[in-house]
Amino acid sequence: MAKSPGENGPRAPAAAGSLSGTRESLAPGPDAAAADELSSLGSDSEANGFAERRIDKFGFIVGSQGAEGALEEVPLEVLRQRESKWLDMLNNWDKWMAKKHKKIRLRCQKGIPPSLRGRAWQYLSGGKVKLQQNPGKFEELDMSPGDSKWLDVIERDLHRQFPFHEMFVSRGGHGQQDLFRVLKAYTLYRPEEGYCQAQAPIAAVLLMHMPAEQAFWCLVQICEKYLPGYYSEKLEAIQLDGEILFSLLQKVSPVAHKHLSRQKIDPLLYMTEWFMCAFARTLPWGSVLRVWDMFFCEGVKIIFRVGLVLLKHALGSPEKLKACQGQYETIERLRSLSPKIMQEAFLVQEVIELPVTERQIEREHLIQLRRWQETRGELQCRSPPRLHGAKAILEAEPGPRPTLQPSPSIRLPPDAPLPGSKGKPKPPKQTQKEQKEQQKQAKASGQLDKTLTPSQATVVPTVGDACTPQDVLPKDPVHQDPAPQDSAPQDSASQHSAHHHSQESLTSQESEDTYL
């Protein structure tokens, strides 16, 4: 996705041929003319006049390209249950990742609830940890002037990103401003990479679900952990993955593989935009979000699987190939895929069932890398190793990292009772045992001929029973009500237990607001 030489000399691809025009092919899109007309709106107020048209649940203007495709409606009761389960996972994220990662994967395959998708992507990608490890870094980058070489190119790309989404409908609106901030910050964070046009739709999707700072760190994780080398000079990583995809296709769909081989169609001609934009510019929006849910959890194998499913169902039978006799017809078929194979439920099920694993991808990567070195020499771009999903990213985190523990939303005074608490808890077993010991000692000394009076009922606390002043409500020494012996330790234990329960339930709530 390097820029044309006139725009940015250093990013122009050395290998011309199949890559020529690739960088600019991402820009116009089928709705470019309408997008340019729409993007002439100069302010949010003007955009609001346009936005009086109906908006779908994803934020797209109804009838636009992004709003197309049949939507899979989840029953409200099921959605609420999923939200409750995801809240529990997010509030205890480290424990779930350590012991129940398979369960997280299954829930990502079912789809993350829309209200929690932004938070879940941050946790899955490690962007949340990255933000905690680098406090104030985004603000520092945001305040820096930036390199003019990249700023002009970024500004030209802003209005091309989802122009029919309410967030980006206005030229100079808050959506485009945040997109500029995120992309500029990345060029400063990784000056050796700079900016690649395919990063813009990636960042735009993230901004639809989270604020600019969180979107920036998620973009960093995608560029460095999930798709390393994709957006660097000469596009060597994407060329390698094109060869890997083509080799895997031979096992998944020999018919499609044979046809593409006969037509001598380079994988870069059809898979570059798919992979570099993570299908954000290819699939209906419901399918895009489901693919991203799985991608953040399981890594790049999801991108490979989606590509293989699309190729298999577009070119995988003799009947489908009758209309694809030449190169041009084949490329057109892959650029205008059937809505049926991109439909959310069908596509997700096919992706889940396709038996392509991380091990197969890495083995094929080594084979293609050897061939590359034999024919073209060493790679010029040394990118970090690719990490396959959330668990691999967590395990590769160097050294001690901050534990993702939510802070309470509401703080109460230490002696305040928990609202809604009923009854008094039973005294701890240790207190009852000590009572019996004291009673035995009293009987042995002949001091328990009759029931003890309230004034005689005292308990000497041990170290295990000791309570801090904040655990017990202060009592009036003059007007203290008499109580039987059993009630004294019960009252102390009740206050202690109520305070402990309050702290537990408060710390299980997430302090950050869901970004809607």
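The values are calculated or read from the model by the stated rules, or taken from the named source; none is laboratory data. Note that the coordinates shown come from a computational prediction; the quantities given were computed from them, not determined experimentally. Because the Cβ atoms are built from the backbone with ideal geometry, glycine has one as well, and the counts that use them run over all protein chains shown. To get the accessible areas, we keep the full protein, side chains included, count just its heavy atoms, and leave off ligands, DNA and RNA. Shrake-Rupley method; radii C 1.70, N 1.55, O 1.52, S 1.80 Å.
Which residue is modelled with the highest pLDDT, if the candidates are limited to the stretch 167-188 and must be more than 11 Å from LEU219 (Cα to Cα) and of a type in the set (Ser, Thr, Tyr)?
Applying the first criterion (more than 11 Å from LEU219 (Cα to Cα)) to the stretch 167-188 yields 167-181, 184, 187-188.
Among the residues that remain, those that are also of a type in the set (Ser, Thr, Tyr) are: 170, 187.
Working: SER170: 89, THR187: 96.
It comes out as THR187.
Condition (residue is open to solvent by 30 Å² or more (accessible area, probe 1.4 Å), more than 22 Å from VAL288 (Cβ to Cβ), over 16 Å from the mean Cα position of the chain (by Cα) and modelled with pLDDT under 95) applied to the stretch 111-132: is it met by at least one residue?
no
Return yes when PRO201 is in contact with a Leu (Cβ under 6 Å, 6 or more places away or on another chain) and open to solvent by less than 30 Å² (accessible area, probe 1.4 Å) and no when it is not.
Numbers: in contact with a Leu (Cβ under 6 Å, 6 or more places away or on another chain): no; open to solvent by less than 30 Å² (accessible area, probe 1.4 Å): yes.
No: the conditions fail for PRO201.
So if I check each of VAL291, VAL255, VAL306, which one is hydrophobic (A, V, I, L, M, F, W, C), open to solvent by 10 Å² or more (accessible area, probe 1.4 Å) and either part of a helix (DSSP H, G or I) or modelled with pLDDT under 95 (or both)? Full working, then the answer.
Values: VAL291 fails: open to solvent by 10 Å² or more (accessible area, probe 1.4 Å); VAL306 fails: open to solvent by 10 Å² or more (accessible area, probe 1.4 Å).
Only one candidate passes the filter, namely VAL255.
Every residue in the stretch 348-390 that is under 30 Å from MET89 (Cβ atoms), open to solvent by 50 Å² or more (accessible area, probe 1.4 Å) and at pLDDT 90 or above, please.
The initial filter retains those residues of the stretch 348-390 that are under 30 Å from MET89 (Cβ atoms), namely 348-362, 384-390.
Among the residues that remain, those that are also open to solvent by 50 Å² or more (accessible area, probe 1.4 Å) are: 349, 352-353, 355, 357-359, 362, 384-385.
Those that are under 30 Å from MET89 (Cβ atoms), open to solvent by 50 Å² or more (accessible area, probe 1.4 Å) and at pLDDT 90 or above: GLN349, ILE352, GLU353, PRO355, THR357, GLU358, ARG359, GLU362.
May I ask you to list the residues in the stretch 204-236 that are open to solvent by less than 20 Å² (accessible area, probe 1.4 Å) and of a type in the set (A, V, I, L, M)?
Residues of the stretch 204-236 open to solvent by less than 20 Å² (accessible area, probe 1.4 Å): 204-207, 210, 212, 215-223, 226-232, 235-236.
Matches in the stretch 204-236: ALA204, VAL205, LEU206, LEU207, MET210, ALA212, ALA215, LEU219, VAL220, ILE222, LEU227, LEU235.
Which of the residues belonging to the stretch 263-313 are basic (Lys, Arg), touching a helix residue (DSSP H, G or I) at 6+ places or on another chain (Cβ under 7 Å) and farther than 21 Å from LEU219 by Cβ? Outline the logic, then answer.
In the first step, residues of the stretch 263-313 are kept if they are basic (Lys, Arg); the result is 264, 281, 290, 301, 305, 312.
From the residues that got through so far, the ones that are touching a helix residue (DSSP H, G or I) at 6+ places or on another chain (Cβ under 7 Å) too are 281, 290, 301, 305, 312.
Within the stretch 263-313, ARG305, LYS312 qualify.
Residues of the stretch 316-347 being in a helix (DSSP H, G or I) and either over 13 Å from TYR270 (Cα atoms) or at pLDDT 95 or above (or both), which ones?
Step one: filter the stretch 316-347 for residues in a helix (DSSP H, G or I), giving 318-321, 327-335, 339-342, 344-347.
PRO318, GLU319, LYS320, LEU321, PRO339, LYS340, ILE341, MET342, GLU344, ALA345, PHE346, LEU347 - these are the residues of the stretch 316-347 that are in a helix (DSSP H, G or I) and either over 13 Å from TYR270 (Cα atoms) or at pLDDT 95 or above (or both).
Given the condition touching an Asp or Glu at 6+ places or on another chain (Cβ under 9 Å) and not hydrophobic (A, V, I, L, M, F, W, C), answer yes or no: does some residue in the stretch 79-91 qualify? Spell out how you get there, then give the answer.
Within the stretch 79-91, the subset touching an Asp or Glu at 6+ places or on another chain (Cβ under 9 Å) is 87, 90-91.
With not hydrophobic (A, V, I, L, M, F, W, C) added as a condition, the list becomes 91.
Within the stretch 79-91 (the criterion being touching an Asp or Glu at 6+ places or on another chain (Cβ under 9 Å) and not hydrophobic (A, V, I, L, M, F, W, C)), the answer is yes, since at least one residue qualifies.
Checking the condition part of a loop (DSSP other than H, G, I, E, B), open to solvent by 10 Å² or more (accessible area, probe 1.4 Å), out of contact with any Asp or Glu (no Cβ under 9 Å at 6 or more places or on another chain) and farther than 24 Å from VAL300 by Cβ, which residue from PRO135, PRO191, PRO163 passes? Reasoning before the result, please.
Numbers: PRO191 fails: out of contact with any Asp or Glu (no Cβ under 9 Å at 6 or more places or on another chain); PRO163 fails: out of contact with any Asp or Glu (no Cβ under 9 Å at 6 or more places or on another chain).
After ruling out the rest, the residue left standing is PRO135.
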